[in-house]
1. Only one residue in B:430, B:466, B:439, B:448 is touching a strand residue (DSSP E or B) at 6+ places or on another chain (Cβ under 7 Å), surrounded by fewer than 16 Cβ atoms within 10 Å (Cβ to Cβ) and closer than 30 Å to residue B:210 by Cβ, so which one is that?
2. Considering every residue within segment A:487-509, establish whether at least one is open to solvent by 40 Å² or more (accessible area, probe 1.4 Å), part of a strand (DSSP E or B) and under 27 Å from residue A:288 (Cα atoms).
3. Mind checking which residues of segment B:524-561 are buried (at least 19 other Cβ atoms within 10 Å of the Cβ) and either at pLDDT below 90 or assigned to a loop (DSSP other than H, G, I, E, B) (or both)?
4. Residue check, residue B:119 against (1) surrounded by fewer than 22 Cβ atoms within 10 Å (Cβ to Cβ); (2) among the hydrophobic types (A, V, I, L, M, F, W, C); (3) part of a helix (DSSP H, G or I); (4) out of contact with any Cys (no Cβ under 9 Å at 6 or more places or on another chain), all met but one. Which one?
5. Charged (D, E, K, R), touching a strand residue (DSSP E or B) at 6+ places or on another chain (Cβ under 9 Å), under 25 Å from residue A:521 (Cβ atoms) and at pLDDT 85 or above, is that true of residue B:71?
6. Please work out which one of (1) open to solvent by 20 Å² or more (accessible area, probe 1.4 Å); (2) under 30 Å from residue A:187 (Cα atoms); (3) more than 7 Å from every other protein chain (Cβ to nearest Cβ) is the condition residue B:199 fails and give its number.
7. Considering only segment A:212-225, I want to know if a residue exists there that is in contact (Cβ under 8 Å) with a residue 60 or more places away in the chain, more than 17 Å from residue B:73 (Cβ to Cβ) and more than 10 Å from chain B (Cβ to nearest Cβ).
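The values are calculated or read from the model by the stated rules, or taken from the named source; none is laboratory data. Remember, predicted model here, so these are calculated numbers, not experimental data. Reconstructed Cβ throughout: ideal geometry from the backbone, glycine too, with neighbour counts over all protein chains shown. Heads up: the accessible areas ignore ligands, DNA and RNA and are worked out on the full protein's heavy atoms, side chains in. Shrake-Rupley method; radii C 1.70, N 1.55, O 1.52, S 1.80 Å.
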2 protein chains.
Amino acid sequence: AFLIIWLSQLCYNWEKHILTFSFILLCCLNVNSFVARSKTCGELRSAHIGQEVTLCGWIQYKRHEQFVVLRDFQGLTQILIPQVEVSAIENCFCSFLMQTGDIEVKAETAEVLNYCKKLPFEIKDFTKKTEALRMQYRYLDIRSIQMQYNLRLRSQVVMRMREYLCNCYDFVDVETPTLFKKTPGGAKEFVVPSREAGKFYSLPQSPQQFKQLLMVGGLDRYFQVARCYRDEGSKPDRQPEFTQIDIEMSFVDQDGILALIEGMLQYSWPKEKGLIKIPFPSITYDEALSTYGTDKPDTRFGMKIIDVSHILRNVDVAFLQNSLSEPHGTVKAICIPQGAVSEAICGNLISCLVLKPDGRMKSPLGKFLSEEQKSELIRTVEANMEDVVLLAAGQHKKVCSALGKLRLKSAELLEAKGLLLRDPSAFHFLWVVEFPLFLPKEKNPEELEAAHHPFTAPHPLDEHLLYSDPSQVRGQHYDLVLNGNEIGGGSIRIHNAKQQRFILEKVLKEDTELLFHLLEALESGAPPHGGIALGLDRLICLLVGGSSIRDVIAFPKSFRGRDLMSNAPDYVDPQELEPYHVQVTWPLTEAKARTN
Amino acid sequence: AFLIIWLSQLCYNWEKHILTFSFILLCCLNVNSFVARSKTCGELRSAHIGQEVTLCGWIQYKRHEQFVVLRDFQGLTQILIPQVEVSAIENCFCSFLMQTGDIEVKAETAEVLNYCKKLPFEIKDFTKKTEALRMQYRYLDIRSIQMQYNLRLRSQVVMRMREYLCNCYDFVDVETPTLFKKTPGGAKEFVVPSREAGKFYSLPQSPQQFKQLLMVGGLDRYFQVARCYRDEGSKPDRQPEFTQIDIEMSFVDQDGILALIEGMLQYSWPKEKGLIKIPFPSITYDEALSTYGTDKPDTRFGMKIIDVSHILRNVDVAFLQNSLSEPHGTVKAICIPQGAVSEAICGNLISCLVLKPDGRMKSPLGKFLSEEQKSELIRTVEANMEDVVLLAAGQHKKVCSALGKLRLKSAELLEAKGLLLRDPSAFHFLWVVEFPLFLPKEKNPEELEAAHHPFTAPHPLDEHLLYSDPSQVRGQHYDLVLNGNEIGGGSIRIHNAKQQRFILEKVLKEDTELLFHLLEALESGAPPHGGIALGLDRLICLLVGGSSIRDVIAFPKSFRGRDLMSNAPDYVDPQELEPYHVQVTWPLTEAKARTN
């Protein structure tokens, strides 16, 4: 909160003789090659005293024409401007805070390279600015220490991943097209008009088909840092274009993919973020749902969901009895340590139970429970004094899901009260496996849709169920979860054309015409194969502790898909649409406004 | 031409005991990790005899159920299938040709993993197949040795470039958006309709604006392997999406960029392609035009353009006199060694001159020249016996351009006759510098347009001419040429907002509204900066000696922009266009056909 007063002129070519010494540049880490400077503004130490240097940077601070503090992406350096009559220079008040504080550079020559108008906000990290302003002037926002750190870390992590895949394990980096054909059910795909009337490309949501075709092509191990597109309107924290680490291998099984990714993350993890232990723990989808009420559990803290049906089965309370008599009826609980939980968060399904400091249980349920039942309940949920136990009764999935949400909400409330539940520097990876292959359609539960995508291979033990009871088939799908966020997912794919055709046509009732080429490819000696995709934006965001993936993307779109800097998307001249044989269909109100 | 009979079943899990030995895997180069195989099909040697191995691959050849040859991306291995009654196995006729010929693997167990229908073409490199067929079944075409080599080499070269930029020189890999705003004059940009009526994104032709904004943002050194889009209809050997190595640096001058790129190419050049010498030679635009008649000279051979005006100035031939009296009038020549050049290639401007074995000159011009003029001409163009000298007279640029084309055409003719002019394994890099900053518009030569793009900085020595005679200003632009192909270009950019505004508004008469954000950024303390972009597809194509960039792209589009495998672009349901507020405007004939 000290040096950064205003950003004015851009300066350059400060040179100076100081005192002694020389120093060794790290070979092959030379940020000063090819450019006008000989050192960065964050680099000089007492060891450099005596050297003549050339610095380039922005003026961070200027005082009485006697010294300036020059800034670049690496730090700050104080520059002394010799006076005709050398007056006593005041003590440099900044040196104790700057890493270069041991030295100052005496200017011999200086050149002003550019001027700067008054900026819409100051380049200091504590300056409060709205996100809209940051987005509008993104090129200024990127000057902040945090954005520089985020973008540089992202670059380094991706580079390490590439080394691991390409140099250590012979993966082939293959670029796949983004102007492609609509995929079945690709309702979220942007269309791109072509010069052939009525014909459109689609911007694919992932290189899924291409990576599988590369395996059919014998490429063996593919990866790509792939740009993907998804038009989701205004979902928060989504971007119309995003990046995934896209991987596919031949002759591989689930364990192979999991080990590969664990190794890759360990290899590429930044040192300053601590070591990560591999292998990662693994949990089945069913277990994740029963224990955490979600398929992306945050395992940084406990408060697991515990089944207490057996204790309450004979308690004479209508909502318990009704719930337990339903199919899949159950009563479950979570125990919130020291938890003063607001009643507001308890929904219909829920009953509260507070364990008083004197050991007494306070709960509307209390009078219906025997002492034995009470103590068994307390023992089962491992409640301590002053804990709150939340009970929910009803159908298994609903109960788990409700308690899962309450678990997260409670964690937030506890943390707001100052209890450190989740270490912000901890990274808890978790594999979630054995997902169902199909799920009932939300709008028409009689029909099935692919839980992930229609290319996922069934679990070998469940293959026979495909033809009798497909809803019971587990898929060879795996999700990677980090601190309660899904950061990747993948599967072993179907390599048998007949099976793929059966699933598309008979189970999913999809039109296979759009996938004709893929089915034909599977018939051409497709090897067994599988892969995964990691969401790079989210992974890096978690790594740097960002509040949104916009913090790790150089030029993100707003939540409405706008680029606030350039004002894209924008109107275009109807004439420019002519070669593409499209015209705008104006909504009635706008059409009127435009003709007026 | 031997083993590859047909591709049938996909096999896997062949296992076998052989004889002795062990061997050391290259650490961190482990193509067999995470998968079912323990060795590739190209890897086994006599040193492995005795080991038990698991191989996965495609059956390349099968004989009498006694042995199969298994293929993967690395090679072939012969598998012996033990017979119940071991008959005398015939000598393996393939071993002398296969790198794994010293061994054969005795199968212990085998599993057929997939079946293969009859393929549209055989997977052998000498099979002639049309490009359309290759494109339609690209996943089979990729199995060829050549495509495997091309894609793998591409991956490795790019990885080495990344190491150089990221690890050696601290460049930051930043991903920039592809859903952006139309750029001024961006007639070749695809549009992408958004959900806001009438508003469109554009797919940019390069990250030009973003890379400059990153420099304003203090990122210092940026690179990206960037996907770019250009809708050029049916230009041959262009792709609607292509890839460039995109680089930008702050506080850099032209020499800095040139040295960086030379170092990068040297560092990333595949060993098997020989060493490349740096620094690359450099030539000015004017010199390139005068000497080679083009701004992308193929310097692998001579036959330079030579000015002979001074010799022919006083020769009494009308076309010479007329030409020399024009402004910029000139007479120039190229000397074609042993050149029987078809008269058909000589246009209006040209006169031929053949030096006979007896030293006599045969030419329609002959009778007008004195003996002294003849011998001076022969000496100047360094003609030897049986050489052909082509003469052209007229306006400087036209003469050079015509002779430049004849030079290339003659080289082709000579090579067709069996003369090796251009070593196919030689790589001649050349920088072309000092381009004009502006060129007269083709349609309206009174107006100027940017020779490359409007952000190129003027040559420091010519800056004053901007305001008086802009057509004379040279730009700080540089092109990189390899064997006569432009493979990259870049410039030092304008960092002064006033100068940028003057050029856009006064010289180029562009609407600056579309660039408002960039001009505003330049006013915010933009550092001096510059950069370059290399066309990756073309570079790799030249490296592998491909005949088209389609040979180094996994899934290219046809020259009409079609994906022949998936049949993209394709018709879409009008309903799917509704959220984007566009409808198709059918050309009249098609509209009729569709209503019938």
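1. Exactly one of B:430, B:466, B:439, B:448 is touching a strand residue (DSSP E or B) at 6+ places or on another chain (Cβ under 7 Å), surrounded by fewer than 16 Cβ atoms within 10 Å (Cβ to Cβ) and closer than 30 Å to residue B:210 by Cβ, namely B:439.
2. We begin by selecting, within segment A:487-509, every residue open to solvent by 40 Å² or more (accessible area, probe 1.4 Å); these are A:495-496, A:498, A:501-502, A:505-506, A:509.
From the residues that got through so far, the ones that are part of a strand (DSSP E or B) too are none.
No; the residues of segment A:487-509 include none that is open to solvent by 40 Å² or more (accessible area, probe 1.4 Å), part of a strand (DSSP E or B) and under 27 Å from residue A:288 (Cα atoms).
3. B:525, B:526, B:527, B:528, B:553, B:554, B:555, B:556, B:557, B:561
4. So the condition that residue B:119 fails would be (3).
5. On the way: charged (D, E, K, R): yes; touching a strand residue (DSSP E or B) at 6+ places or on another chain (Cβ under 9 Å): yes; under 25 Å from residue A:521 (Cβ atoms): yes; at pLDDT 85 or above: yes.
When the stated conditions are applied, residue B:71 passes them.
6. Checking residue B:199 against (1) open to solvent by 20 Å² or more (accessible area, probe 1.4 Å); (2) under 30 Å from residue A:187 (Cα atoms); (3) more than 7 Å from every other protein chain (Cβ to nearest Cβ), the one that fails is (3).
7. For segment A:212-225, residues in contact (Cβ under 8 Å) with a residue 60 or more places away in the chain, more than 17 Å from residue B:73 (Cβ to Cβ) and more than 10 Å from chain B (Cβ to nearest Cβ): absent.
Conditions (1) touching a Leu at 6+ places or on another chain (Cβ under 9 Å); (2) assigned to a loop (DSSP other than H, G, I, E, B); (3) not aromatic (Phe, Trp, Tyr), marked per residue:
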{"position": "B:214", "(1), (2), (3)": "yes, no, yes"}
{"position": "B:224", "(1), (2), (3)": "no, no, yes"}
{"position": "B:247", "(1), (2), (3)": "yes, no, yes"}
{"position": "B:255", "(1), (2), (3)": "no, no, yes"}
{"position": "B:264", "(1), (2), (3)": "yes, no, yes"}
{"position": "B:278", "(1), (2), (3)": "yes, yes, yes"}
